[in-house]
Amino acid sequence: MSILFHRGVSAALGAAALFGAGTPFAKLLLAHASPWLLAGVLYLGSGIGLLIWRLASRAPAVRLQRAEAGWLAGAMIAGGMLGPLLLMTGLAGMAAADASLLLNAEGVLTALIAWFAFKENFDRRIAWGMVAIVAGAMVLSWPSEARAGALWPSLAVLGACLAWALDNNLTRKVSVTDASFIAMTKGLVAGATNLALAVATGASWPSAVVLASAGVLGLLSYGTSLVLFVIALRHLGTARTGAYFSVAPFFGAVVAIGLLGEPFTLQLALAGVLMAIGVWLHLTESHGHLHMHEPLEHAHEHEHDEHHQHAHADGTPVAAKHAHWHRHEPVVHAHTHYPDVHHRHTH
């Protein structure tokens, strides 16, 4: 099977496509609502939409372990509360084009934290792939006239990037949990936070049509995208997922050509080439060696493959995918793998 059909890779690219494609549509809505209030409605729309979906589909209740609840709470505080607040603080004192350029730091910081704080495996190929993707994103967002912003607004935007990078890494710690639950919870918290901050700063409410449109857009571009992002975290690890997700601006720029009539430029072509090189370097990665799995207990959807050889209480074999609390016994073997939830070993 082609690496493009690897569940983690397709989920990461799908998340990037949905998030990036939503940007031009959000730009249309900005004519009728303030940026901060719109951000709140988009997040809240994703949370409410996923809540309705979980209720309608009778999704099983999620019971987080104490450690998992702590990781998720930290992710929501960093990404749902601090991130938006710092970004809006920075935007108040600098041009949007300059801020968009600084926002490329999120992918870099996500990878650096994953590699050096959480000890996620990487090699020279993965590092150069990340460099190429981020370089493409910088080319795409580079303003026509570079301006030196004030120090504190720039630091605030970089602080927002750091908050979201922490969010990405902390979310990976709970990525084995139901992805729709994680996305729903983060959407509700981030949406309520952004709306409260927007209203507190005097933002006025748009029409019901604009609110409804933003809510639907949020469910697709933020909620569904975040579900796919969490799935990718589960299968690829944080840095690789962040690298694939960094191509989102390219998808947004392509959609903007048809939706907003924006021109196809040499800048977009160059960005596409750089990002394609970076994605290719990641897609052609092959990492395999003899490694040991420590004893591990958790619950997630799985099938009885080489990493899931356990008996069920009633003694009946299960061929299809299923989910339950299970234990991984120690095992030593060698095969090609990503730094997924079952391969968080040291090198």
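The values are calculated or read from the model by the stated rules, or taken from the named source; none is laboratory data. Only a predicted model underlies this, so the values are computations on that prediction, with no experimental measurement involved. Virtual Cβ from ideal backbone geometry, glycine too; neighbours counted across all protein chains shown. Just so you know, the surface numbers come from the protein's heavy atoms only, side chains and all, with ligands and any DNA or RNA stripped out. Shrake-Rupley method; radii C 1.70, N 1.55, O 1.52, S 1.80 Å.
Return the FRET efficiency for the residue pair Ala56, Ser204: r is the Cβ-Cβ distance, R0 is 25 Å, and the value is rounded to the nearest 0.05. Computed FRET efficiency for Ala56 and Ser204: 0.15. When the solvent-accessible area of segment 127-213 is split by element, carbon and sulfur atoms take up 73 percent of it, the probe being 1.4 Å. Summed over the residues of segment 1-131 and divided among them, the accessible surface reaches 51 Å² per residue at a probe radius of 1.4 Å.
For Lys119, a cut-off of 26 angstrom between C-alpha atoms picks up these lysines, skipping any fewer than 8 places away in its own chain: Lys173, Lys186. Reported to the nearest whole Å, the Cα centre-to-centre distance from segment 50-74 to segment 125-201 is 22.
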